[in-house]
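See below for the structure under consideration.
The values are calculated or read from the model by the stated rules, or taken from the named source; none is laboratory data. In this text the structure is predicted, and so the values were computed from the model without any measurement. Every residue, glycine among them, receives a Cβ derived from its backbone with ideal geometry; neighbour counts consider all protein chains shown. Quick note on the areas: whole protein, heavy atoms, side chains included, nothing else; ligands and nucleic acids left out. Shrake-Rupley method; radii C 1.70, N 1.55, O 1.52, S 1.80 Å.
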Amino acid sequence: MTVISFQNPATGEQLGSLTEATPEQVRQTMDHARSAFKSWSTTSLAQRLHYLEQLRHYLVEHGEQFAHKISQATGKVSLEAFMTEIFVTVDTIRFYEKNAQRMLSPQVVPTSLVLWPKKSYIHYKPMGVVAVISPWNYPFQLSVIPVLSALIAGNTVVLKPSEITPSAGLMIEELFRAVPLPDGVVSVLHGGREVGQALVAARPDKIFFTGSVATGKKIMAAAAEHLIPVELELGGKDPMIVFEDAHLERAANGAVWGAFTNSGQVCMSVERLYVHERVYPEFLRLVTEKAVALRQGDPLEAEIGSMTSHQQLGIIHSHLEEALANGAKAVIGGQVSLDSMYIAPTILTDVTSDMKIMQEETFGPILPIMTFSSEEEVIRLANSSPYGLNASVWSKDKIKAQRVAEQLESGNVCINDVIISYANPNLPFGGVKQSGIGRYRGPSGLHAFTHSISVIRDPGTRKREVNWYPYTKDQELMFVGLTNFLFGKKRKWNRQTIGAIWREVKRLF
C-alpha cells in the first residue's frame, strides 16, 4: 500500500498524506460506476441540471475557501486560483444550466425528398463510464469541468487527479460529498501512473485525458487495444504575433500576462513571441519594464507564485541552459535553481527557431522573443511547431488579423488578446497536431460525451419501398431517370422514366 504525502510547493509546509488506490480498488470502483450508470443515465436532464444548480451555489458560497486550498496545493497566487479555477468553473456550470437542454434534445435534420415520407433526427445517448485523468496545473477546474460535462450527458465518472497535487483531489471529493450525488455516480481514485494504467485497463467507455503529449500517446495506445474512445487535451507551444500596427502598450501587457500567469504553467501560455522588426525595440522596452515590475513571492500578496511540480524545474533548466549556451541573451531573469520552487520571470532575445526553447513545451515563466519582417514569414514561423493549441495575433487591421488568424495551424486563436478563448464556454476547445484530439466545451464538447444516434422513421403504412425486392426493369429506369434529373446537366424527364415511376409508385401500396 503506497502512501503519498504532499506539501505546499511555495512554502514547503506539509499538507497531509493519502493512500494510493490498489488495482483491486480500481476494478471495484469501475464496477460500482457501471452499476450506477443504469439509474443515472435514465435520470431526467432537468434533475441533473438541478444538481448542477446546487453545486454552483455551493461553489459560490465557498469559493474563497476553495481558492485558498488550491493556492496551497499549487503555489499559484490566490487571485489566479479564484479567477481561473472557481470563476471559470461556475461560469461553465451556468452555461450548461442555460443551454444543455437545447444541446442534448433530439435534433431534427432534413430528409431528402426522394425519401418521403420519412423523417430524420439525431438522438444523444450517454456513453457509460467516463474516466477523467486530470493535470496538476489547474487541478480543480480541469477536473471538475470535464466531470460535470460527462455527468450532464448522463454518464457516470471515475476521476483520477494528478498525484502532484493530491490535496486538490481530496478537495474535489469534499465538494461532491457536500453536494452529494447517488452512490457511484462520481468516484475519485488517488495515485500515480500505476493507478492511471489500471483505470485504462478497466475499460471505461471513454477516456478524457489532460496532460503531456508523451502520456497522451501511451493512453491512446492502451485504449486502442479495446477501441475505447479517447479525448486528449495536450501541450502547446503557443505563438504570439505582434504586427507593427498593433497597440503596443496593450500587446506588451498581454505578453507579460500570457507568458507569466500561473508561472507559465499554462498549456496556452505565450511560449513564442514574434514581433515585427520595426517595432521590436520599443516593444522590448515595454515588455521588459512590465515584467520587471511584477511581484513574485507569497501567493497571498504577489502576482507570480511558485512552480507546482519539482520535475518541471529540470525541463525549464534544460531549455534555458541550451538557449543561453547557443547565443540567447537573458534581458531579465535567466537562472533556474533546482533547489527553489521559484523561477524569476525571464525574457530571452537572440533566440533561434531550432532551440528547444522555441520547439518544445517549456511550461515555465520564460518568454523568448524573435523578430520577423513579413506576414508570410511569421505565418511560416508560427506554423513550424509540432504543437497547435492556441495562438494570438495583434493588429489594428481587422482584415489582416483575421486573415493571419485563419492561416495558423491552431485549434484556438485570439485576436488582440491571449489565452481567453478558453474562458468562453460557447466555444469548443482543443488542439491540432500534437496538441490533442477532440474538443470539449461548447455544444460539440457536450456532444463529445455522448453517442450521436441517427434515427430515420417511416410511417410504416406502405407495403414496400421502391428499393426493395423484387427488382424490376422499371426500378432501373426510375433510378437512372431520377439521377439524371436531380444531378445531371440536362434536368428533364422523358416519357419512359415517367411511366416507370408511375408503375413503381403503384407497387408501393
**Prompt:** Direction-averaged shadow area of the convex hull around the Cα atoms of segment 463-508, nm²?
**Reply:** 3.0 nm²
**Request:** For Gly235, list long-range residues whose amide hydrogen, built 1.01 Å from N in the peptide plane, is under 5 Å from its own amide hydrogen.
**Result:** Val213
**Request:** Could you work out the local net charge near Tyr440, counting Lys and Arg as +1, Asp and Glu as -1, over the other residues with Cβ closer than 12 Å to its Cβ?
**Result:** +1
**Fill in**
Carbon/sulfur accessible area of segment 238-424, % of total, 1.4 Å probe, equals 50 percent
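What is the magnitude of the charge dipole of segment 152-202 about its Cα centre, with +1 placed on the Cβ of each Lys and Arg, -1 on the Cβ of each Asp and Glu, and no other charges, expressed in debye to the nearest 20?
Numbers: 3 positive and 5 negative charges, 19 e Å.
Charge dipole of segment 152-202: 80 debye, to the nearest 20.
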**Asked** Quick one: of the DSSP bridges fully inside the chain, what percent are antiparallel, nearest 5?
**Response** 40 percent
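Taking all protein chains together and a probe of 1.4 Å, list Trp136, Trp493 from the most accessible to the least accessible.
Numbers: Trp136 35, Trp493 105 Å².
Largest accessible area first, the residues go Trp493, Trp136.
What value, in deg cm²/dmol to 500, does the helix sum -39500 (n - 2.57) over DSSP H runs of n ≥ 4 give at 222 nm once divided by the residues of the chain? Show your work: numbers first, answer last.
Details: 18 runs with 211 residues, N = 509.
Only helices count here, giving -13000 deg cm²/dmol.
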**Asked** Under a 5 Å amide H to amide H cut-off, with H placed in plane at 1.01 Å, what residues pair with Ile415 once short-range neighbours are removed?
**Response** Val393
**Asked** So which aspartates and glutamates can Lys433 reach, going by Cα to Cα under 13 Å and dropping same-chain residues fewer than 8 places off?
**Response** Glu233, Asp238, Glu409
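When Lys and Arg each count +1 and Asp and Glu each count -1, what net charge do the other residues less than 13 Å away from Thr288, Cβ to Cβ, add up to? Mind dumping the intermediate values first?
Numbers: positive: Arg285, Lys290, Lys329; negative: Glu282, Glu289.
Computed value for this residue: +1.
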**Item:** Heavy atoms of Phe243: accessible area, 1.4 Å probe, square angstrom to 10
**Value:** 10 Å²
**Item:** Reach of Lys506 by Cα under 19 Å, taken over lysines that are not fewer than 8 positions away in the same chain
**Value:** Lys118, Lys463, Lys473
**Message:** Of the listed values (1) 1.02; (2) 1.16; (3) 0.98, identify the label whose number matches Cα Rg over 2.2 N^0.38 Å calculated from this model.
**Reply:** (2)
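Efficiency by 1/(1 + (r/R0)^6): what FRET value for Asn416 and Leu486, r their Cβ-Cβ distance, R0 = 56 Å, to the nearest 0.05?
It comes to 0.75.
Just to confirm the filter: which trypsin sites (Lys or Arg not before Pro) across segment 270-354 are DSSP coil and have at most 11 other Cβ within 10 angstrom of their Cβ? Walk me through the intermediate numbers first.
Working: sites: Arg272, Arg278, Arg285, Lys290, Arg295, Lys329; in loops: Arg278, Arg295.
Those that pass, being in a loop and sparsely packed, are Arg295.
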**Asked** In the neighborhood of Met1, defined by Cβ-to-Cβ distances under 13 Å, what is the net charge if each Lys or Arg adds +1 and each Asp or Glu adds -1?
**Response** -3
**Asked** Can you give the accessible area of Leu486 in Å² (nearest 10), computed on protein heavy atoms with a 1.4 Å probe?
**Response** 70 Å²
**Evaluated at q = 0.16, 0.20 Å⁻¹: base-10 log I(q)/I(0), Debye formula over Cα of segment 1-150** = -1.08, -1.31
**Asked** Going from most exposed to least, what order do Ile315, Ile133 have by accessible area with a 1.4 Å probe?
**Response** Ile315, Ile133
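In Å, the Kirkwood hydrodynamic radius of segment 238-424 over pairs of distinct alpha carbons? Can you show the working numbers first?
Details: mean 1/r = 0.0613 Å⁻¹.
The answer is 16.3 Å.
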**Request:** Show Trp394, Trp468 ordered by accessible area, largest first, where the area counts protein heavy atoms only and the probe is 1.4 Å.
**Result:** Trp468, Trp394
**Request:** Find, among the GluC sites (Glu not before Pro) in segment 420-509, those assigned to loop by DSSP (not H, G, I, E, B) with at most 14 other beta-carbon atoms within 10 angstrom.
**Result:** Glu465
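Counting only complete DSSP H runs, which helices of the chain cover 15 Å or more along their long axis at the Cα atoms and score a mean Kyte-Doolittle of 0.5 or above?
141-152, 213-224
Given Cβ point charges of +1 (Lys, Arg) and -1 (Asp, Glu) and nothing else, what value in debye, to the nearest 20, does the dipole of the chain about its Cα centre take? Spell out each step's value before the answer.
Details: 50 positive and 50 negative charges, 788 e Å.
So the magnitude is around 3780 debye.
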